[in-house]
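For reference, the structure discussed in these notes is given below.
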Amino acid sequence: MTETPAPHAVRSWLGIPYATAERFRRPTLLPFNPDLPYDQKGPAPFQAGNTSWFEADNEFSEDCLNLNVWVREDVGDEPLPVGVLPRWGRR
């Protein structure tokens, strides 16, 4: 977990691997490992065009099945709903 200065204190878990996939094969889900620090964004998928705006701590890779989670610091320890906004291909 990392802490980021923001208008509201935010907790973040970055670069959580959720699956692995051999090239041209279906992804295989990975179990969650609570012992990892999750303090660095994982690799991002390759992009066409200008990528200077893209935030990835570990550059670009085909092995990019990871996610980042942010939550306000003051929500407590109760379970909360999670919204997932996937971005699939072109518009």
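The values are calculated or read from the model by the stated rules, or taken from the named source; none is laboratory data. Since we're looking at a predicted model, the values are computed, not measured. No Cβ is skipped: glycine too gets one built from the backbone with ideal geometry, and neighbour counts run over all protein chains shown.
Inspect all residues belonging to region 10-17 and state whether any of them is surrounded by 12 or more Cβ atoms within 10 Å (Cβ to Cβ) and assigned to a loop (DSSP other than H, G, I, E, B).
No, every residue in region 10-17 fails to be surrounded by 12 or more Cβ atoms within 10 Å (Cβ to Cβ) and assigned to a loop (DSSP other than H, G, I, E, B).
Pairs under 9 Å by beta carbon, first residue surrounded by 12 or more Cβ atoms within 10 Å (Cβ to Cβ) in region 18-32, partner among the small types (G, A, S) and outside any loop (DSSP other than H, G, I, E, B), six or more apart or different chains?
Close Cβ pairs (under 9 Å, with a partner that is among the small types (G, A, S) and outside any loop (DSSP other than H, G, I, E, B)) amount to L30/A19.
Please determine, by comparing only the residues of region 5-30 that are modelled with pLDDT of 85 or more and among the small types (G, A, S), which one is nearest to A44 (Cα to Cα).
Of everything passing the filter in region 5-30, G15 is nearest to A44 (Cα to Cα).
All but one of (1) free of Cβ contacts under 8 Å to residues at least 60 places away in the same chain; (2) under 24 Å from D77 (Cα atoms) hold for F54, so report the exception by its number.
(2)
Looking at region 31-56, which of the residues that are hydrophobic (A, V, I, L, M, F, W, C) and in a loop (DSSP other than H, G, I, E, B) is modelled with the lowest pLDDT?
Top of the filtered list is A56.
Can you find, within region 57-91, the residue that is modelled with the highest pLDDT among those that are of a type in the set (A, V, I, L, M, F, W, C) and in a loop (DSSP other than H, G, I, E, B)? Walk me through how you get there before you give the answer.
Initial filter on region 57-91 (of a type in the set (A, V, I, L, M, F, W, C)): 60, 64-65, 67, 69-71, 75, 80, 82, 84-85, 88.
Those still in the list that are in a loop (DSSP other than H, G, I, E, B) too: 64-65, 80, 82, 84-85, 88.
Numbers: C64: 88, L65: 92, L80: 83, V82: 81, V84: 78, L85: 74, W88: 65.
Looking at residues that are of a type in the set (A, V, I, L, M, F, W, C) and in a loop (DSSP other than H, G, I, E, B), I get L65.
Looking at (1) under 21 Å from V82 (Cβ atoms); (2) surrounded by 11 or more Cβ atoms within 10 Å (Cβ to Cβ); (3) within 14 Å of the chain's Cα centre (by Cα), which is the only condition P37 fails?
P37 satisfies all of (1) under 21 Å from V82 (Cβ atoms); (2) surrounded by 11 or more Cβ atoms within 10 Å (Cβ to Cβ); (3) within 14 Å of the chain's Cα centre (by Cα) except (2).
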